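Enquirer: This is the structure, below, for whatever I ask next.
The values are calculated or read from the model by the stated rules, or taken from the named source; none is laboratory data. On a predicted model such as this, the values are computed, not experimentally measured, just so you know. Glycine also receives a Cβ, built like all others from the backbone with ideal geometry; neighbour counts cover every protein chain displayed. Note: accessible area is taken over every heavy atom of the protein model, side chains too, but ligands, DNA and RNA are not part of it. Shrake-Rupley method; radii C 1.70, N 1.55, O 1.52, S 1.80 Å.
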Amino acid sequence: MKNKFAATLYTVRDELKTAGIGPVFKEVAEMGYAGLQLSGLPAGYDPDEVAFHLQKNNVACAGMHIPFDRLANELDLVRQEAQRYGTTDLFCPYLPESLQTEAGYREVKRVLNDAARFAPDMRIGYHNHAFEFETEVDGQDALAFLLEPSKDNRILAEIDVYWVAKGGQDPLTYLQPYSGRMPIIHLKDMTTDEEQTFAEVGEGSLDFLPILRWGEQHGIEWYVVEQDVCKGPPMQSLQLSLTNLQRYADELAQEKANK
């Protein structure tokens, strides 16, 4: 299980700008993360440099976050870049406010399904926040609408457990329909104070053991740590989250051995 732990680069987006791609990739890899999800790279980054440092540091590309407009208009270029990194996972990470409407979600679902049909060698998916729970489409929240587990819908899930909780839902319950349809899950914790902001995995109010147990039973390939904002140095936050995840993995391994 420990070889499924990855970090999304969005957490260290500022470090990428100041320290550079090579040093950041090296430091995160040396922590023990097996994968890096490409998100938050500096503007104008060189794909060859990214591919070089992935290989140099022996870390896998745990998918890519691709803005909606690029998935809609530059899919062939995105596809070529993904192939360079050795990944097939392309996830839309956010939507502009103009698309956060009933009509907008219908358009997003159409475009992402079109992308999946155009690039059958890629896996196209959607990463949630909490705003999707504010809009209803066809009698369900907009996220459930987008991720509807049907043969006609090719959009895969990348559930962010923090944002599901922030949206007033129970993360473990919300995962249930996406067995076999969610290769990547996003993990971050929620502080126990009234602010309920971002916390390192295992340092807040979310119960991760049942989530990880479910993931091992239902097809999760990458457990990706993301912390949008860190109170301290982001690298320290990534290290603490990984340490706690490794402890959870040991507990699950012990559970399995005792059966």
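Enquirer: Using the Kirkwood radius built from alpha carbon pairs, what does the Stokes-Einstein equation give as D for the range 112-259 at 10 °C and 1.306 mPa s, in µm² per second? Write down the numbers at each step before the final one.
Expert: Values: Rh = 16.3 Å.
My calculation gives 97 µm²/s for D.
Enquirer: Mind telling me which of LYS166, LYS188, LYS56 comes out most flexible in a GNM of the chain, alpha-carbon contacts under 10 Å?
Expert: Comparing LYS166, LYS188, LYS56 in a Gaussian network model of the chain, the most mobile one is LYS56.
Enquirer: Taking a temperature of 37 °C and a viscosity of 0.692 mPa s, what whole-number D in µm²/s does Stokes-Einstein yield for the chain with Rh from Kirkwood over alpha carbon pairs? Don't jump to the answer; show the numbers that get you there.
Expert: Working: Rh = 18.6 Å.
D = 176 µm²/s.
Enquirer: Calculate for the chain the 222 nm mean residue ellipticity that helices alone would give, adding -39,500 (n - 2.57) per DSSP H run of length 4 or more and normalising by residue count, nearest 500 deg cm²/dmol. Write out the running numbers ahead of the final one.
Expert: Numbers: 11 runs with 112 residues, N = 259.
After summing the helix terms and dividing by the residues of the chain, the value is -13000 deg cm²/dmol.
Enquirer: Semi-axes of the equivalent ellipsoid of the range 40-92: what are they in whole Å, largest first, if each equals the square root of 5 times a C-alpha gyration tensor eigenvalue?
Expert: Working: eigenvalues 73, 28, 19 Å².
Values for the range 40-92, descending: 19, 12, 10 Å.
Enquirer: Further question on the same structure: Could you compute the longest span of the chain free of GluC sites (Glu not before Pro) located in DSSP loops and having at most 14 other Cβ atoms within 10 Å, not counting the site residues? Could the numbers behind the result be given before it?
Expert: Values: sites that count: GLU74, GLU194, GLU195.
With a cap of 14 other Cβ atoms within 10 Å, the longest stretch comes to 75-193.
Enquirer: A follow-up question, please. Collect residues whose amide H, placed 1.01 Å from N in the peptide plane, falls under 5 Å from the amide H of LEU156; neighbours closer than 5 in sequence don't count.
Expert: For LEU156, the qualifying residues are ILE124, GLY125, TYR126.
Enquirer: For the range 159-230, taking Cα atoms only, what is the radius of gyration to one decimal and the Dmax to the nearest whole Å?
Expert: Gyration radius and largest Cα-Cα distance of the range 159-230: 11.6, 35 Å.
Enquirer: I've got another one for you. Please compute the per residue accessible area over the range 81-151 with all protein chains in place, 1.4 Å probe, rounded to a whole number of Å². Don't skip to the answer; put the middle values down first.
Expert: Working: 3120 Å² over 71 residues.
Averaged over the residues of the range 81-151, the accessible area is 44 Å².
Enquirer: Could you calculate the FRET efficiency of ALA257 with GLU30 from 1/(1 + (r/R0)^6), where r is the beta carbon distance between them and R0 is 35 Å, rounded to 0.05? Write down the numbers at each step before the final one.
Expert: On the way: r = 29 Å, r/R0 = 0.83.
Calculated transfer efficiency: 0.75.
Enquirer: With every protein chain left in place, what is the accessible area of SER98 in Å² (1.4 Å probe, nearest 10)?
Expert: Rounded to the nearest 10, that gives 90 Å².
Enquirer: Once you put a point 7 Å from the Cα of SER98 and another 7 Å from the Cα of ARG117, both along the Cβ direction, what distance in nm separates them?
Expert: Output for this residue pair reads 2.4 nm.
Enquirer: If you don't mind, there's one more thing I want to ask. Can you check how the C-alpha radius of gyration of the range 19-162 compares to 2.2 N^0.38 Å, as a plain ratio?
Expert: Working: Rg = 16.2 Å, N = 144, 2.2 N^0.38 = 14.5 Å.
Dividing the Cα radius of gyration by 2.2 N^0.38 Å gives 1.11.
Enquirer: Step through the residues of the range 163-169 one at a time and calculate ³J(HN,Hα) from phi using the Karplus curve (6.51 cos²θ - 1.76 cosθ + 1.60, θ = phi - 60°), rounding each to whole Hz and writing x for Gly and Pro.
Expert: Taking θ as phi minus 60°, the curve returns 5, 5, 5, 4, x, x, 10 Hz for the range 163-169.
Enquirer: Still on this structure: Using DSSP to call loops (not H, G, I, E or B), can you name the chymotrypsin sites (Phe, Trp or Tyr not before Pro) in the range 8-85 whose Cβ has at most 12 other Cβ atoms within 10 angstrom?
Expert: Working: sites: TYR10, PHE25, TYR33, TYR45, PHE52, PHE68, TYR85; in loops: TYR33, TYR45.
Passing both the DSSP loop test and the Cβ count: TYR45.
Enquirer: Here's another thing I want to ask about it. Please report the net charge: other residues with Cβ closer than 13 Å to the Cβ of VAL24, K and R +1, D and E -1.
Expert: Working: positive: ARG13, LYS17, LYS26, LYS56; negative: ASP14, GLU15, GLU27, GLU30, GLU49.
Summing Lys and Arg as +1 and Asp and Glu as -1 gives -1.
Enquirer: Moving to a separate point now. Quote the Stokes-Einstein diffusion coefficient, in whole µm² s⁻¹, for the range 1-58, based on the Kirkwood radius over alpha carbon pairs, a temperature of 20 °C and a viscosity of 1.002 mPa s.
Expert: So the translational diffusion coefficient is about 188 µm²/s.
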